[in-house]
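Shown below is the structure under consideration.
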Amino acid sequence: MIFPHIGDYWTVIILLYRGLISTHLFLLAMPPINEVFHDQSFELYTAKNMATNYLWRCVRQYQSSVSGSTHEKELPLGKHPLQLYSQGIPNGIKVTVMLEELLALGHTGAEYDAWLVRIVEGDQFSSGFVEINPNSKIPALLDHRGKTPLRVFESSSILLYLAEKFAALLPRDVATRTEPLNWLFWQMSSAPFVGGGFGHFYVYAPENLSIR
């Protein structure tokens, strides 16, 4: 495993997130994600080539209030049952880490194709992407194993789906299972206010507010 000391817990996914370490350190700590995505221009989006202001422009666009598709475009489709549509920002990286952990555990069924969604360029508003996530947010996953492709969106929903699908990285015992789920939902509801809030007031707030 990439992080062998965590056992069955999702510490690597739910704690290495906004507010616990900076977004740049988080990205730098991950494997070379640009090697995972089919579009090699993804390297332009990695931490080593991304200025802080550019990253927060990504996050700002990612949180856009636009809903529904703005243009027609089909999503690419690879050879594996699992198709991941994402980008290398914290929510997207969590799913990539989960899939790589499953592969490291020997779950060959977790092989996936990863496709870059350029949120700054509005790829998340394409008709194909909106079809699998009406909220136009990355990441989104399509599982083609059944008769009908199954869409999974929202990063925590994808993590839970993969854990249950492969019976891995999540305890079965109710008491033991509850603890990582506590932290999973904490990082969805509370942690973003730390990192996202900092980004807003540090970069985008129209007025500088001093704390006295």
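Using a 1.4 angstrom probe on heavy atoms only, work out the carbon and sulfur share of the accessible area of segment 73-170 in %.
About 51 percent, which is the carbon plus sulfur part of the accessible surface.
Roughly how many nanometres apart are two label points built 7 Å out from the Cα toward the Cβ at GLU111 and ALA205?
Rounded to a tenth, the inter-label distance reads 5.0 nm.
Applying a 10 Å radius around every beta-carbon, put 146-153, 108-115 in order of their mean neighbour count, most first.
Put in order of decreasing packing, that is 108-115, 146-153.
Something else: To one decimal place, what orientation-averaged projected area in nm² is obtained for the convex hull of the Cα set of segment 71-127?
Here the figure is 4.1 nm², rounded to one decimal.
Of the peptides 97-103, 170-176, how do they stack up when ordered by the mean number of other Cβ atoms within 10 Å, highest first?
Sorting 97-103, 170-176 by mean packing, highest first, produces 97-103, 170-176.
The values are calculated or read from the model by the stated rules, or taken from the named source; none is laboratory data. None of the values given here were measured: they were computed from a predicted structure. Please note: Cβ atoms are built from the backbone with ideal geometry, for glycine as well, and neighbour counts cover all protein chains shown. With ligands, DNA and RNA removed, areas are computed over all heavy atoms of the protein, side chains included. Shrake-Rupley method; radii C 1.70, N 1.55, O 1.52, S 1.80 Å.
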